[in-house]
Amino acid sequence: MEFTDASKTYGSVRALSGLSVRLEAGETVALLGPNGAGKSTTLDLLLGLRTPDPGGTVRLFGTTPRQAVTDGRVGAVLQSGGLMEGVRVRELVALGCSLHPRGYPPEQVLATAGLTEIADRRVDKLSGGQAQRVRFALATAGASDLLVLDEPTTGMDVASRQTFWAAMRDQAAAGRTVLFATHYLEEADEVADRVLVLHRGQLLADGSAAEIKAMAGARRIAFTLDAVPDGRLETALRGLPGLTRVQLAGSSVRMRSEDPDATVHALYGLGLYPRDLEVAGLGLEQAFLTLTDRAEAQDGPDAAPSGHARPAPSARPAHEKANV
Amino acid sequence: MKHLVKLEILRALRNKKFMFFSVIYPPLLYLLIAGRNADAVLPGLDVSMSLYYMVAMAAFGAMTAVVLGNSERIAKERELGWVRQLRLTALPGRGYVGAKVASAATLSLPSIVLVLLTGAGVMGVRLDAWQWVALALCSWAGSFVFAALGVAIGYLATGDAVRPIAMLVYFALAFGGGLLMPSVVMPDWVQHIGDWLPTHAYTALGRAVERGQAPHAGDVGLLAGYLVLFAGAAAWLYRKDTRTT
C-alpha cells in the first residue's frame, strides 16, 4: 500500500501535508503521533473513507482503497466505528463473516477474538472492552491481507490488552500486514517492526523502534542530591553542557542530554556528589517526545522552547504530554 | 446482503414497542374509526367507511413501519458509527440502502395483512378473491416508496432532529393524502395539494381495486416518480454522508 504526496485539507486546516510512504507486505507498523497529528486522517484515506486533495494518491494492493475494501482485502477497527444494536454477538459476527468474500466460519472468529463465552449476549449490553473485541472480530471475519486498527486497545484492561496483542501477533505471523495507530508507546515498542511518527500532518520519522530511539539521540540522566538545591545551584545545574531538558523535584534531578559524558563530567566539576546516578538511553516514549519537541521548536513561534522543566514521564497517553 | 436483511428483520421483530405501533395499531385504529358505522357512506365518497378506511389504514400502517422506523434507526446508526463500520466491509454502498428498504417493506406486510383480515373478519367487507390479493400487493408494493423516503430522512437529519422531521412528513402525508379523514372534508387548496401527494396515489391504487378496476396508470406513474425521487435522494445523501463523517 502506498501514499504518494497525499494531503488532506479541511477548510483552512491542513490535516495531512504531502505524506509519501510505502508499506511492505507482512510488516507490523505502528502509527504514532499526538492528537491532531493526522493519524485518523491517514487511516481514513487508506480505507477510502475520505479522498486525498488533488495531486496526491493513495493506492492499496494496486487499486483504489474502496475497491480493495470491496474485494475484502482489508479489515479495520476504527475508533468511530459502531456496532449494530439489538442483535447478539454471534449474529453480528456471522454477518461480518457472510459479508466477507472469503469469510471464516463464525465460530472460529468468535473463538479467536475471545468472544465464545459472550456470543449470546446482546451487542448493546457489552462493556467497552468487550465491544472492542467484537469490532476486532468483525475486522478479522475473513481472509484479509491488511488489518488497520485505530487505537485498538482503548477501553481494555491490562489482561485483555495482552490477550489482544497475542491475537494480533498471530495475525501478523499468518502473513498479514498490520497497521495500527496508538497512544500507548510501549505497544508500538513491543509489537511493531516499524514505527511511523506523524506530527502536524507530516511524517517526522520512519524506522524501527530502535532507530527512532537512536534518532532522538539524547540520553536520560537521573540522580539525587544531598539537599534541595538553592537558586544559585539550580542555575548552575541548568547551565551544564549538552542538556536539552532539566527537571527538578525536591532533591531529585532528571535531565536529558545529547552529550551525557560531558554533562556528568561537568556535574562532578560543580563539586557535587550525586547519589543513585543513572544514565540510560531513552525509551520510545521519550524519544517520541524529543522528536516532536524538536519539530515544534523548528516549526513555529508558538513552539515551546527546549530545556524547560516539564512534568515527569509517566504512563499517561503520549498526546497529553506531547502537547505541553 | 441477504444476511443483513435477515438480521434487520430479526432485530425489528425483537423491538416490541415498534411492533406494537406498526402492526397492532393500524387495525385498532381501523376498528375505532370505521367500526361503528361500517356501511355508512361518507359525503362526497362512493365507498363505505369500512372500504375507505381499510385501504387507508393498510397504507397508514405500512407507512408507520417504514417511514418512522427506518428514519430513526438509520439516524441512530449513523451516530453510533455502524454505517461507517459497514463501509469497511465488502458490502457495496447501495447494499445498505437496499437492505434497509427491503427489510422495512417486509415489516410493513404484517400490518397490511392484519388490516385486511380485520376488514374481512370483523368489518364484514366482502370482495372477490383477486381483489384481496391485488389489495395486499398494491399496499405492499406502494410501501417501498415510503421505505425509500424513510431512508432519505434518516440521512438528512441527525439525532434529535430526526423524530420531529419524520413525524411532520408522516402526518402531512397522512392528512394530505386522506389517510386519517377523507380529503373531501378538507379545504379545496388542501385537496389540490393532496392530489399530488404519494399517499393519495397510494390509496388510489387500493380504491380502484375495491371498485373492481385495475389501478390507474396515472397513480402508478406518480408513485414510480416518487420512488425514483426518494431512492435517488437516499442514495445521494448516503454517498454524501460517507464522504463527510
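The values are calculated or read from the model by the stated rules, or taken from the named source; none is laboratory data. If you're wondering where the values come from, they're calculated on a predicted model, not measured in any experiment. Don't worry about glycine lacking a Cβ; one is built from the backbone with ideal geometry, like all the others, and counts go over all protein chains shown.
Assorted remarks:
- Residue that is nearest to the other protein chains (Cβ to nearest Cβ), among those in region B:1-35 that are closer than 27 Å to A:T70 by Cβ and basic (K, R): B:R11
- Single match in A:A30, A:A68, A:A76 (criterion: away from chain B (no Cβ under 14 Å) and touching a strand residue (DSSP E or B) at 6+ places or on another chain (Cβ under 9 Å)): A:A30
- Just one of the listed residues (A:A287, A:A222, A:A280) is of a type outside the set (D, E, K, R), modelled with pLDDT of 90 or more and closer than 30 Å to A:V191 by Cα, and it is A:A222.
- Exclusive hit being within 14 Å of another protein chain (Cβ to nearest Cβ) and surrounded by fewer than 23 Cβ atoms within 10 Å (Cβ to Cβ), set B:R84, B:R163, B:R126: B:R84
- If you go through region B:46-98 and keep only what is β-branched (V, I, T), out of contact with any Lys or Arg (no Cβ under 8 Å at 6 or more places or on another chain) and not in a loop (DSSP other than H, G, I, E, B), you end up with B:T64, B:V66, B:V67, B:V83, B:V97.
- When A:N35 is tested against (1) within 19 Å of A:T153 (Cα to Cα); (2) surrounded by 15 or more Cβ atoms within 10 Å (Cβ to Cβ), only condition (2) is not met.
Results for (1) away from chain B (no Cβ under 12 Å); (2) hydrophobic (A, V, I, L, M, F, W, C), shown as yes or no for each residue.
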residue	(1), (2)
A:V89	yes, yes
A:A94	no, yes
A:P101	no, no
A:Q108	yes, no
A:T116	yes, no
A:K125	yes, no
A:R135	no, no
A:A141	no, yes
A:A159	yes, yes
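- Meets criteria (in contact with a Leu (Cβ under 6 Å, 6 or more places away or on another chain) and either more than 14 Å from chain B (Cβ to nearest Cβ) or under 17 Å from A:L43 (Cα atoms) (or both)) for A:R176: yes
- Taking region A:160-192 as the range and being among the acidic types (D, E), in contact (Cβ under 8 Å) with a residue 60 or more places away in the chain and closer than 21 Å to A:L146 by Cβ as the test, only A:E187 passes.
- If the condition is being in a strand (DSSP E or B) and either within 24 Å of the chain's Cα centre (by Cα) or among the charged types (D, E, K, R) (or both), then region A:243-260 contributes A:T244, A:R245, A:R254, A:R256.
- Candidates A:G62, A:G81 - the one that is of a type in the set (G, A, S) and facing chain B (nearest Cβ under 10 Å): A:G81
- Scan of region A:42-59 for residues that are under 21 Å from B:V83 (Cβ atoms), in contact with a helix residue (DSSP H, G or I) (Cβ under 7 Å, 6 or more places away or on another chain) and either assigned to a strand (DSSP E or B) or at the interface with another protein chain (Cβ under 9 Å from one of its Cβ atoms) (or both), ordered by number: A:L47, A:G48, A:L49, A:R50
- Boolean, B:M167 is outside any helix (DSSP H, G or I) and either among the polar types (S, T, N, Q) or under 24 Å from B:Y52 (Cα atoms) (or both): no
- From the options B:T89, B:T118, residue that is hydroxyl-bearing (S, T, Y), crowded, with 22+ Cβ neighbours inside 10 Å and within 14 Å of another protein chain (Cβ to nearest Cβ): B:T89
- Given (1) at pLDDT 85 or above; (2) surrounded by fewer than 20 Cβ atoms within 10 Å (Cβ to Cβ), index of the condition A:A6 fails: (2)
- Pick from region B:132-160, criterion of a type in the set (S, T, Y) and part of a helix (DSSP H, G or I), ranking: surrounded by the fewest Cβ atoms within 10 Å (Cβ to Cβ): B:Y155
- Of everything in region B:1-29 that is among the charged types (D, E, K, R) and crowded, with 16+ Cβ neighbours inside 10 Å, the residue that is nearest to the chain's Cα centre (by Cα) is B:E8.
- Pairing residues of region B:100-123 that are within 13 Å of B:A136 (Cα to Cα) with residues that are outside any helix (DSSP H, G or I) and basic (K, R), at Cβ distances under 9 Å and at least 6 apart in sequence or on separate chains, gives B:A120/B:R126.
- Matching entry among A:R66, A:R90, A:R73, A:R59 (being out of contact with any Leu (no Cβ under 9 Å at 6 or more places or on another chain) and in the same structural domain as A:D124 (by TED's automatic domain parsing)): A:R59
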